[in-house]
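Presented below is the structure to which this report refers.
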Amino acid sequence: MARFTIGQTASCSKTFTEQDITLFADLSGDYNPVHIDKEYAKKTRFKAPIAHGLLTSSLLSQLLGYRLPGIGSVYVEQTIRFTAPVFAGDTITATGTVEEFIEEKNIVKLLTECHNQDGKLVLTGTAAMMVPKEGETI
């Protein structure tokens, strides 16, 4: 029996706060005012500060490294397309869906998506994860 099946899914959620956005700016060094300056952001198409795209995509790390394919797996590849902004207070749910399992290479390919609390798609992409062989760790 295959360890991963086409269509298998898992998800995780997080509500992003202003503090999360500020901490990510500190960690990444990305102090673009569209993320951290309310007065600046009011003049943008978004009308308020938006979360860094890579902060949003960081939920994929939790999802893929801990839930599906899970512990011991490591990233090989990730594509990302940002489709809508994320604001402080938004609850984002990241979902991974198995599209392919290449057992001889121990690679799982997944569709990765993030939706906000209203069900709006904010991020889409694909991931390839190297997974340990049954009974081993990477």
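Is at least one residue of segment 95-108 within 24 Å of F16 (Cα to Cα) and open to solvent by 50 Å² or more (accessible area, probe 1.4 Å)? Within segment 95-108, not a single residue is within 24 Å of F16 (Cα to Cα) and open to solvent by 50 Å² or more (accessible area, probe 1.4 Å).
Of the residues making up segment 24-73, just one is loosely packed, with under 13 Cβ neighbours inside 10 Å and either touching a His at 6+ places or on another chain (Cβ under 6 Å) or among the β-branched types (V, I, T) (or both), namely I71.
The values are calculated or read from the model by the stated rules, or taken from the named source; none is laboratory data. All figures in this text were calculated on a predicted structure; none of them were measured in a lab. Here the Cβ is made from the backbone with ideal geometry for all residues, glycine too, and neighbour counts use every protein chain on show. Keep in mind that these areas ignore ligands, DNA and RNA; they rest on the heavy atoms of the full protein, side chains included. Shrake-Rupley method; radii C 1.70, N 1.55, O 1.52, S 1.80 Å.
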